[in-house]
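The values are calculated or read from the model by the stated rules, or taken from the named source; none is laboratory data. Only a predicted model underlies this, so the values are computations on that prediction, with no experimental measurement involved. Cβ atoms come from the backbone with ideal geometry, glycine included; neighbour counts cover every protein chain shown. Calculation scope for accessible area: heavy atoms of the full protein, side chains included, ligands and nucleic acids excluded. Shrake-Rupley method; radii C 1.70, N 1.55, O 1.52, S 1.80 Å.
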Amino acid sequence: MRKVIVRLAERSYPVIVGIGDWKHELSRLVSHVTKPHGKLFVLCDAQLYALYGSDIISTVEKANVSVSELVLPVGERAKTLTQLRHVYGYLLDSQISRNDFILACGGGVTSDLVGLAAATTLRGVRWGILSSTLLGMVDAAIGGKTGINHKQGKNLLGTIWQPSFVICDSSFLLTLPKRQLIAGLGEVVKYAGLATHDMISALNRYLKSEDMYDQKQLTQLIYLSAQYKAGIVSKDERESSLRMVLNLGHTFGHAIERSLGYGRLLHGEAVLLGLLAAVELSGRLKKARIRRLSEYRDVICRLIELIPHHSINIEETLTAMSHDKKRLGNNLRFVLLDSLGRPVIVDNVKKNDIRMALKAALAEY
Ligand code: GLY
């Protein structure tokens, strides 16, 4: 397996990427983090548990550690205060101590919820992630963002609490529904816009191969994404400047998710539409960018063809965006692209340019 390091001085940690070797890595890491007397708390999403629960438990037991387990509900509905309270109750009733270690097993929802519980129980317990979805592997599991939803919006309650390790094994993706795989590719495409040409070439090769579950190519995309994200988080952990580029496509994407009603499109699907709108806006604000971004635009459109269709109302999406604007202090900020690998942050965009960019993007949907 290959290793990418998120470099944060004494809180640095490895993101381990590979195919089919997760058991060996997991028992080795668990043995290390629970030495000498720590207990292990395994919190696993129900879908993953049904498929891999006994494998995960027998693997961590090989580390000669006392293991306790809790199965969590699947999907965005797990990211609530009620579920968080349930996790706190379980950890405290099991007498967790600060020497112990929490293992989150699942996708982004699980790592968001479990990470927040780890960050706040006893003022912070160490944790690690066995990631099982593409979106988790390339984005949610890396960088320590944790959180739950509130009726005012997604991820409004949370903190940044870095894990001690992340394991991304593409063999878990063989059982991932295709829709979720495509949603995960939304974030991979985002990195391809931000990173160097290696990434768009790898993505084009993967899309040409016609096998969306090709382990080798997926592993390479996960590795390149992890490498890019780890580099950004290492330089700007708390999103005071550089990390903002990871919001490429997200101002539009979040507004689309919100105006449609959460759950109609998966987050990564809305991000794909958001990326296309960001490309359209980039080109509207500077014509030379249209040619520079045409290959990137084609890749996004190719994946948009594969997502479910809903009718999206442009004015409602603009209203949802202004809700974001209120939260951000009247200053709506877009991450755009000057060319591949050259993100630019732009404020004060005219509403009509936003409207026209959205319209052009939705015409491809
Ligand atoms: N998902 C964006 C970030 O972690 O900053």
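Ranking request for peptides 308-321, 213-226: highest mean number of other beta-carbon atoms within 10 Å first, then the rest in descending order.
Numbers: 308-321: 14.4, 213-226: 21.2.
For the peptides 308-321, 213-226, the packing ranking is 213-226, 308-321.
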So what are the ³J(HN,Hα) numbers for segment 287-301, from phi and the Karplus equation (6.51, -1.76, 1.60; θ = phi - 60°), rounded to whole Hz, Gly and Pro as x?
-> 4, 4, 6, 4, 5, 4, 9, 5, 5, 5, 4, 4, 4, 4, 4
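Ignoring ligands, DNA and RNA, what percent of the accessible area of the chain is carbon or sulfur (1.4 Å)?
Working: 7860 of 15770 Å².
Roughly 50 percent, rounded to a whole number.
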Answer with one residue from Ile96, Leu122, Gly75: the one whose Cα lies farthest towards the positive end of the charge dipole of segment 46-168, charges on Cβ with Lys, Arg +1 and Asp, Glu -1.
-> Leu122
Size of charge dipole - the chain - debye, nearest 20, with Cβ of Lys, Arg +1 and Asp, Glu -1, no other charges = 1040
Restricting the count to DSSP beta bridges whose residues both fall in segment 18-166, what percent are antiparallel, rounded to a multiple of 5?
-> 20
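Measuring with a 1.4 Å probe in the full set of protein chains, what accessible area per residue, in whole Å², belongs to segment 56-99? Present the calculation step by step, with values, prior to reporting the outcome.
Details: 2540 Å² over 44 residues.
With the other protein chains kept in place, segment 56-99 gives 58 Å² per residue.
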Tell me, for the chain, which Cys residues have no other cysteine's C-beta sitting closer than 4.7 Å.
-> Cys168, Cys301
Using the alpha-carbon atoms, what tilt in degrees (0 to 90, nearest 10) does helix 314-327 show relative to the longest principal axis of the chain?
-> 60
Identify which of Leu340, Leu272, Leu103 has the largest mean-square fluctuation in a Gaussian network model of the chain, with springs joining Cα atoms closer than 10 Å.
-> Leu340
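Please give the contour-minus-distance gain from His32 to Arg7: 0.36 nm per residue of separation, less the Cα-Cα distance, rounded to one decimal in nm. Please list the in-between numbers first.
Working: separation 25, 0.36 × 25 = 9.00 nm, distance 1.92 nm.
Contour length minus the Cα-Cα distance gives 7.1 nm.
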From the backbone phi of segment 331-336, what are the Karplus-calculated ³J(HN,Hα) couplings (6.51 cos²θ - 1.76 cosθ + 1.60, θ = phi - 60°) in whole Hz, Gly and Pro given as x?
-> 10, 6, 10, 10, 9, 10
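If you put +1 on each Lys and Arg Cβ and -1 on each Asp and Glu Cβ, how big is the dipole of segment 1-159 around its Cα centre, in Debye rounded to 20?
Values: 18 positive and 12 negative charges, 94 e Å.
It comes to approximately 460 debye.
Where only protein heavy atoms count, and the probe is 1.4 Å, what is the accessible area per residue for segment 123-271 in Å²?
Values: 5240 Å² over 149 residues.
It amounts to 35 Å² per residue over segment 123-271.
Could you work out the Kirkwood radius for segment 13-60, taking every pair of different alpha carbons, averaging 1/r and inverting it, reported in Å?
Working: mean 1/r = 0.0838 Å⁻¹.
Result for segment 13-60 stands at 11.9 Å.
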In whole Å and largest first, what semi-axes does the C-alpha gyration tensor of the chain yield when each eigenvalue is scaled by 5 and square-rooted?
-> 35, 22, 18
GNM result for the chain, Cα springs below 10 Å: residue of Val138, Val109, Val349 fluctuating most strongly = Val349
Roughly how many nanometres apart are two label points built 7 Å out from the Cα toward the Cβ at His197 and Lys286?
-> 1.9
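Which whole-number percent is the relative contact order of the chain (Cα, under 8 Å, 6+ apart)?
Numbers: 675 pairs, mean separation 54.9, N = 365.
Relative contact order comes out at 15 percent.
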Entries in Lys216/Lys359; Lys190/Lys351; Lys208/Lys350; Lys178/Lys350; Lys35/Lys154 that, when Cα-Cα distance is taken, lie over 26 Å = Lys216/Lys359; Lys208/Lys350; Lys178/Lys350; Lys35/Lys154
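In the neighborhood of Leu43, defined by Cβ-to-Cβ distances under 15 Å, what is the net charge if each Lys or Arg adds +1 and each Asp or Glu adds -1?
Values: positive: Lys39, Lys79, Arg85, Arg126; negative: Asp45, Glu69, Asp93, Asp100, Asp112.
Around Leu43, the charge tally is -1.
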